[in-house]
Each structure stands twice: as C-alpha cells, then as structure tokens.
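Heads up: the structure comes next, in structure tokens.
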Amino acid sequence: MSLKLIHNETHCQAPSNIALIKYWGKHGLQIPKNPSISFTLDALHTKTKVKFHKKTKAEDQTVVVFEGKENPKFAEKIEKKLPLIYGDFPYLKDYYLEIHSENTFPHSSGIASSASSMAALAMCIAAASGNGEDKKLVSHAARILSGSACRSIYDKLVWWGKSPSLLQSHDEFAVPCYEAVDEIFWSYRDAVLVVSKSEKSVSSSLGHDLMHTNPFASARFQQAHQNIDLLYGAMRCGDIEHFGTIVEEEALTLHGLMMMSRPSFLLLEPNSVALILKIRKHRVLDKIPMYFTIDAGPNIHLLYPDFAKKDVEDFIQQECLDLLENKTFYLDSVGNGARIL
Ligand code: DP6
C-alpha cells in the first residue's frame, strides 16, 4: 500500500444509498451503535474531482466548488474532518484540496447527499495514492467522513456494523453482502417521492446525539440486531412481504425515536403520512408489492421489485403527484458502488 501521493488530480463517482435497517446512534469516531444495511442506488450520485496542491502557507486550506459555486461552509466542514483520516492517508498532511463536486439530483431536493459526496471524496483521496481499489480502506475513510457514506462504496446491498450473524461484518468499515440474497433484490427499485425540498431541520449529527439520552435507546439497538437478522433471512429467501414489513417498521421506529427524543422532532409532514396510508391501501387493493422507507426527513422512498415497475409508476401518477412538492419524484434502482472515473 502506497502512503504517498502519486496522482495530483483524481475524479470519482459515488452513489447515494438508502438504509433498510437504520444507523441511528453512534459513539467514538463514528462507530455505530447497531448494524445497518442499505441498498446502493444508481441514478442518484455525486461526481467529484479533487486537485491536490502542496501546502506552503497556513492559509492553504480546502476549497470546495459545488455545482460551479464556491461553498465555504462545506469546505470548512471537510477541513475539520480531514485530520481524522490522516491515519489512513498520511500524505494528506502536506496537501490542501481543491474539490469540485456535483450531484445528479438537485441540491435542495430534500435527498441526503452526505453519503454520496463523502464516499466520492474518500474514493478520490484513496485514488490519489493508488489505493482506490482497496475498498475496505476507502470505506473506512468514508465512515469517518460520514457514517452512512461507508456503505456507498460497494455494490447493491451493503452491511455496516459488527454482528454475530455476518462473520466478516465490522464496525469500522462496511462489507458487501448482496451475493447471499435472492436475485430479485439485485434489481430492486426505489422511487423517491419528494414531499419537501427544504433543508433538513435536524442534522444527522444532532439526531445521532439524541440517542445518548433517549430512554428507549438500548431497546432500539437490540431491535436493530433482531431486525437485521430477520431482514437478511427474508432477503435470502426472496420473501418480499416479510422484507417490506421489517423495512417499514425500521422507518417508523426511526421517526418514533425522533418524536420521543428530548428535544423532540417531528420530521414527517401531513403529506408523508398521506402517502404512507395510500401505499398501504393500494398495496392491498391493487396487490402491488410496494413498501416504504424514510430517512431523517419527510420524503418517502418507495421500494419495489422490477416486475412491479409499471404498476408502481401508474400508482405514483394516479395517486401521489398532488402530495409531492412540484410533483417531484425520482425513479432509481439498486446500483453499483463508488468508482474511479
Ligand atoms: C437516517 O451517516 O448522515 O440516514 O455519521 O453523523 O454523518 P453521520 O450521519 P449520517 O446518518 C444517516 C442516518 C440515516 C440512516 C442511515 O443511513 O442508516
């Protein structure tokens, strides 16, 4: 493994991911309190180019140009995090980064971008020292930059967090796990129903912190261990219904935890609830195998197998559009992890 910079410009792409079992609660240096599992997405991704400049003076600090515009707030955030990965990439001490980044999804679309942007950045940094193919190393660094980013490194279905049920699982980096599950999940789809494009009212970091004082925290961590086993079992058998039931329970648990935190947060909006009710109603009425998950915001991710594509798209057109901000939704599917361009 080279610890020196060998390319002073790198260009990488990393996808967003959607958690099925949620990471919510952490300790130490972004070590998760429970294992999580996610689908790697395809269309929703970040492309990042990094130029590495030799540091000569104290003012030589990270510059971020996001979608063509300089973004000092983002640059400051990254500047603070970079020393945390000096252990992985010692050469970073001697360079400052000029980062040019863009997303395939609009910035203020209410879709989390930290996973894809931090995964793309970790990949660029690793690629600069010729270590872009060392996924464990890239995932390790991505985790330190933003927890969920460590899952965006691998293809299709990814597990992060130590669990007795998956021998190779680890708290410090994610591992791929799609090969063991039924192939129906390799081409699963995710329609992101955008209820609100506004910035999140609670940052993930604050949300994770709230778990330190949440009276239900230990029960939650135990439940996540049980749910990941049940989910993985259902996915191995190709049991879409059991899969969906657990995924919905995870999403609502995440929001339940936020509601009962001190201070309390209610991130679902009336239209999120209306969509949940419609999804459940039409799942039964029209026999469409679609289930929802939700991150720390009001937008709904509708998950369904490839064979249900037409039925789900008709359902969105006929039942959901008026509940979405400017009728916005994104059709995505399970895809591959970060790569060098
Ligand atoms: C609700 O990875 O954004 O999306 O580690 O503080 O950067 P930090 O948090 P982040 O948290 C993601 C929380 C979640 C669930 C998940 O993706 O597992």
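Miscellaneous remarks
- Fewest-first sequence of R236, R283, R143, R262 by Cβ atoms within 10 Å of each Cβ: R262, R236, R283, R143
- Assuming charge only on the beta carbon of Lys and Arg (+1) and of Asp and Glu (-1), the dipole of the chain about its Cα centre is about 800 debye to the nearest 20.
- The orientation-averaged projection of the convex hull spanning the C-alpha atoms of the range 191-341 amounts to 10.8 square nanometres.
- Treating each Cα of the chain as one equal point scatterer and applying the Debye formula with no solvent, the log10 of I(q)/I(0) at q = 0.14 Å⁻¹ comes out as -1.12.
- Gaussian network model of the chain, Cα within-10 Å springs - most flexible of V181, V312, V195: V181
- Geometric descriptor of the range 109-207, per residue, is 128 Å³ (volume of the convex hull of the Cα atoms).
- Dipole orientation for the chain: of the candidates H301, S201, N326, S201 has the Cα lying most toward the positive pole (charges on Cβ; Lys, Arg +1; Asp, Glu -1).
- Alpha-carbon radius of gyration plus Dmax, which is the widest Cα pair, for the range 1-145 in Å: 14.9, 45
- Under 22 Å from the Cα of K69 - lysines, other chains or at least 8 residues apart: K47, K49, K51, K77, K80, K81, K197, K200
- Sum of -39500 (n - 2.57) over DSSP H runs of 4+, divided by residues of the chain (222 nm, nearest 500): -10000 deg cm²/dmol
Every number in this text was worked out from the coordinates using simple rules, so none of it is lab data. Predicted, not measured: the structure shown is a model, and the values here were computed from it. Every residue, glycine as well, gets a Cβ built from its backbone with ideal geometry; the counts of neighbours run over all protein chains shown.
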